[in-house]
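Asker: Once you've had a glance at the structure underneath, I'll fire off some questions.
Readers should treat all values here as calculations from the given coordinates under stated rules, not as data from a laboratory. Predicted model only: the values in this text are computed from it and were never measured. Glycine gets a Cβ as well: all are built from the backbone with ideal geometry, and neighbour counts include every protein chain shown.
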Amino acid sequence: MAFGGVVRLCVGADFVKLQMAIFIHHLISSYRWTVVKEGDIIRKPGLVFPNGLHVRITKKQELY
Ligand code: HEM
């Protein structure tokens, strides 16, 4: 329960979800992700990487 909710709910929850969506959008669309070292992936049901997942993130070339 990242934002609470049993008795009280975080009033910034929707704001933060929008901020995270914008952040992830830029991280995926403006940067190239290269896997450096793979590891196990466990789905239970969220994704867990017990040995980590090493990636190199580099800025893509600007097209304009
Ligand atoms: C990742 C970011 C955030 C997380 C994980 C988070 C999480 C939480 C949690 C767990 C609570 C307590 C709920 C409870 O008492 O049961 C809370 C309360 C609160 N949060 Fe956040 N929060 C985040 C960001 C924000 C932001 C950006 C704002 C404001 C712009 C904000 C404003 C508040 C306020 C005012 C409360 C108190 C609500 C109340 O007492 O009724 N939070 N938050």
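Residue-wise test of (1) assigned to a loop (DSSP other than H, G, I, E, B); (2) within 13 Å of the ligand (Cβ to nearest atom); (3) in contact (Cβ under 8 Å) with a residue 60 or more places away in the chain.
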{"site": "A2", "(1), (2), (3)": "yes, yes, no"}
{"site": "V11", "(1), (2), (3)": "yes, yes, no"}
{"site": "D14", "(1), (2), (3)": "no, yes, no"}
{"site": "A21", "(1), (2), (3)": "no, yes, no"}
{"site": "H26", "(1), (2), (3)": "no, no, no"}
{"site": "T34", "(1), (2), (3)": "no, no, no"}
{"site": "N51", "(1), (2), (3)": "yes, no, no"}
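Asker: Looking at E62, E38, can you tell me which residue is exposed (fewer than 10 other Cβ atoms within 10 Å of the Cβ) and of a type in the set (D, E)?
Answerer: E62
Asker: Would you say R43 is within 16 Å of the ligand (Cβ to nearest atom) and surrounded by fewer than 10 Cβ atoms within 10 Å (Cβ to Cβ)?
Answerer: Criteria not met by R43.
Asker: Please go through region 9-34 and give me each residue that is under 17 Å from T58 (Cβ atoms) and touching a strand residue (DSSP E or B) at 6+ places or on another chain (Cβ under 8 Å), ordered by number.
Answerer: L27, S30, Y31, R32, W33, T34
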